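Take a look at the structure set out below.
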Amino acid sequence: MDITAHQTSIESVTLEVPDPAAAAAFYAAAFGLGDKVRVRASETPTTGFRGFILSLVVSQPSTVDSLIGTALDAGARTLKPAKKGFWGYGGVVQAPDGAIWKVATSSKKNTGPATREVDDFVVLLGVDDVKATKQFYVDRGLAVAKSFGSKYVEFDTPQASVKLALYGRRAAAKDAGVPPEGTGSHRIVIGGNTGPFTDPDGFAWEAAPA
């Protein structure tokens, strides 16, 4: 049986924003991810940390600097300046609509000309119970690629699709450089080839737009 035909994939994420035209212009200028990032109008109340980080994994520090630079030029604010760490090089910014973006590479030095190519686009959900949420997604057809007990889980998704990972909520907030408290809407909808459903932490999935 060929299970790849039924492999759960994420085609896009939709961010719910107060001003869709401004948000669309920001994302086009900042990251150029095309229709992998969609926006739609919402005034649903939300405060503090929304429980997710959108992470762009790239090949080298100059690419991190380029993407963070265009995001800041387009109106993002710095949460963590780009710098070297023991795991590589990266930084975190917050978009004008409030979504948190991390841009990082495992490489500490440049190995070629600067590009703006994104190797992986990852939706990192900060959840209350990593093991329970992992099981929820496994029951919906996602295969686990990496798992570090109750700390971190990464799912196996098709190469071109958006990736999904789980982190404890406090650890995710610390990674983002923000306090973990937050209430109200997550203001993100995951568009996949499965669903609609809502996970244990209230993150909603719906069928990806055609």
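We did not get these values from a lab; they are worked out from the coordinates using the rules stated. If you're wondering where the values come from, they're calculated on a predicted model, not measured in any experiment. Don't worry about glycine lacking a Cβ; one is built from the backbone with ideal geometry, like all the others, and counts go over all protein chains shown.
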What label, among [x] 47, 45, 28; [y] 43, 39, 34; [z] 62, 36, 33, belongs to Cα extents along the principal axes in Å computed from the structure on display? [y]
In range of the label at A207: residues from region 140-176 whose backbone nitrogen is under 13 Å from the point 7 Å along Cα→Cβ: none
Zone of A145's modelled label, taken as backbone nitrogen in region 59-75 under 15 Å from a point 7 Å along Cα→Cβ: 59
Tell me the Rg and the Dmax, in Å, that the Cα atoms of region 132-174 produce. 10.6, 30
Dipole moment magnitude, nearest 20 debye, region 102-210 about Cα centre, only Lys, Arg, Asp, Glu C-beta charged: 420
Rounded to the nearest 500, what is the chain's calculated 222 nm mean residue ellipticity when only DSSP H runs of at least 4 contribute -39500 (n - 2.57) each, over all residues? -6000 deg cm²/dmol
With just the Cα atoms defining each centre, how far is region 37-74 from region 135-190? Give it in Å. 16
Sequence-distant lysines (8 or more away, or on other chains) whose Cα lies within less than 19 Å of K151: K102, K131, K134, K163, K174
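Which of the peptides 47-58, 152-163 is most tightly packed, and how do the rest follow, judged by the mean count of other Cβ atoms within 10 Å per residue?
Numbers: 47-58: 21.0, 152-163: 17.1.
Put in order of decreasing packing, that is 47-58, 152-163.
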